[in-house]
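The values are calculated or read from the model by the stated rules, or taken from the named source; none is laboratory data. Worth saying up front: this structure is predicted, and the values here are computed from it rather than measured. Ideal geometry is used to build each Cβ from the backbone, glycine not excepted, and the neighbour counts take in all protein chains shown. Areas reflect the complete protein model, heavy atoms only, side chains present, ligands, DNA and RNA absent. Shrake-Rupley method; radii C 1.70, N 1.55, O 1.52, S 1.80 Å.
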Amino acid sequence: MQVATVHLVCRRLLSGLHNSAILAQLLDSWHNLLELAAEMIHSLFLINQSGDIFLEKHWKSVISRSVCDYFFEAKDKAVDPENVPPVLQTPHHYLITIYRGKLFFLSVIQTEVPPLFVIEFLHRVADTFQDYFGECSEGVIKENLVTVYELLEEMLDNGFPLATESNVLKEMIRPPTILRSVVNTLTGGSNVGDMLPTGQLSNIPWRRAGVKYTNNEAYFDVIEEIDAILDKSGTTVFAEIQGVIEACVRLTGMPDLTLSFMNPSLLDDVSFHPCVRFKRWELERVLSFIPPDGNFTLMTYHVSSQNLVAIPVFVKQNINFFETGSCGRLDITIGPKQTMGKAVESLMVTIHMPKAVLSVNLTATQGNYTYDVSTKVLVWDIGKLNPQKHPNLRGSLSMQTGAPKPEENPSLNIDLKIQQLAISGLKVSRLDMYGEKYKPFKGVKYLTKAGKFQVRT
């Protein structure tokens, strides 16, 4: 629906209301906001890691793919895909991107807009693909191109986000199944529903009406990522925690849930799903909400106080490149530090070696290592950390003959997971349900993993 049409319809609705002058002023302000917002997202390009554009969608006039050349230049300069600047300015456009599932979601904007607005919408698009197809990858998107374009058409109306809730979208566009695909092929039908979603007509648009389940359950995953920088001596230079609470709620009727924490004072910079009553959080530090049906992100939070961030592993390392002779030495030992008795799993160390390093000859006491000669990336896959015997990787590095000694040593990037632990110490104390008489199954899981965890050498 065009902005002008919305404006005209609402004008007619206002004609019979009291205080119409005040309401008309409010409507004019809203109309101006909509006109600005409607110019926000002009086009969307999906790009794989190789730099191939495999999908594009335009909501106004078609923009040439050549606009992506500015993005490709920035991508070539970045060491990792995650380091590509999220906002790029070109002579006539702004390019705003996110990186999800080894794919770049690149939006083209013609006017200056709040970048976080666009970034949040792009994440919603990726989340919707994940929810509909089970994964967000190039192959899956290509297999479901029709559904993808139908979703993009509903999620964005003339450049302005319209329907981004999964429950609402699933009533309008049914998720693809093998049987439905066969029927649509034979009958010429589509996945688009005939009825307006019931949630769109209520004051709880995120939840559809008439939800019924045989097994009623509510599960919550508390996931925390550690971003940290450690210096050569192991001292913490920087540390913070990015946390998220993912929910999977399948409850009959219209339940009203209350989730409380043992230590909510830990949380900074919280952001909630629209279902959460913010006033209740401000007053009592509890989450009170009528949940969407299915999977959704309940809240995100931040723990920025460095003394509250426990570093789960220690790293002893020594990387030397000799002035004379084309060689160097590497010695790395890693072990558990503050894990609260939990096992460290999926431990991996990644090192971007200098270009002069031709090959490596190393010995690992646990796990195995690989060295990619073309990208100069050394990966040591340790697996589950043994607290009794600390894993060690040591050996020699072969350098290019005549090459000068590297100006600086490479950094170590650490990846890890710890099950059933929130490293901040956050714990859910209880979950209560009101409005319905049955007793649901309830559960909470915790997971800590490394975000950008770097050890300088």
Local electrostatic count at residue 266 - Lys and Arg +1, Asp and Glu -1, tallied over other residues with Cβ under 13 Å = -2
note = For region 268-343, the per residue accessible area (1.4 Å probe, Å²) is 48
key: Sites matching GluC sites (Glu not before Pro) across region 230-337 that sit in DSSP coil, with at most 14 neighbouring C-beta atoms within 10 Å   = 323
task = In whole Hz, with x marking every Gly and Pro, tabulate ³J(HN,Hα) for region 405-411 from phi via Karplus 6.51 cos²θ - 1.76 cosθ + 1.60, θ = phi - 60°.
result = 5, x, 5, 9, 6, x, 8
ask   = When the accessible area of region 343-404 is split by element with a 1.4 Å probe, what percent falls to carbon and sulfur?
value = 51
Stretchable slack from residue 432 to residue 394, in nm (0.36 nm times residue separation minus alpha-carbon distance) = 8.4 nm
ask   = What accessible area per residue, rounded to a whole number of Å², is obtained for region 47-92 using a probe radius of 1.4 Å?
value = 60
query = By how many nm would the segment from residue 350 to residue 308 lengthen if fully extended, with 0.36 nm per residue of separation less the alpha-carbon distance?
reply = 12.5 nm
message = Per residue, how big is the convex hull of region 329-457 when only Cα atoms are used? Give it in Å³.
response = 148
query = Which GluC sites (Glu not before Pro) from region 106-174 combine a DSSP loop assignment with at most 12 other Cβ atoms within 10 Å?
reply = 112, 135
query = What's the center-to-center distance, using Cα atoms, between region 278-292 and region 124-164 in Å?
reply = 30
message = Run the paramagnetic zone check for residue 88: 7 angstrom along Cα to Cβ, then residues of region 46-65 with backbone nitrogen under 17 Å.
response = 46-57, 63-65
message = Starting from 0.36 nm per residue, how many nanometres of slack lie between residue 363 and residue 48 once their C-alpha separation is accounted for?
response = 109.9 nm
remark   = Of all chymotrypsin sites (Phe, Trp or Tyr not before Pro) in region 376-457, the ones in DSSP coil with at most 14 other Cβ atoms within 10 Å are 438
query = Assuming R0 = 25 Å, what is the FRET efficiency of residue 100 and residue 215, from their Cβ-Cβ distance, to the nearest 0.05?
reply = 0.20
note = Semi-axes (Å, rounded, descending) of the ellipsoid equivalent to region 108-172 per its C-alpha gyration tensor are 21, 13, 11
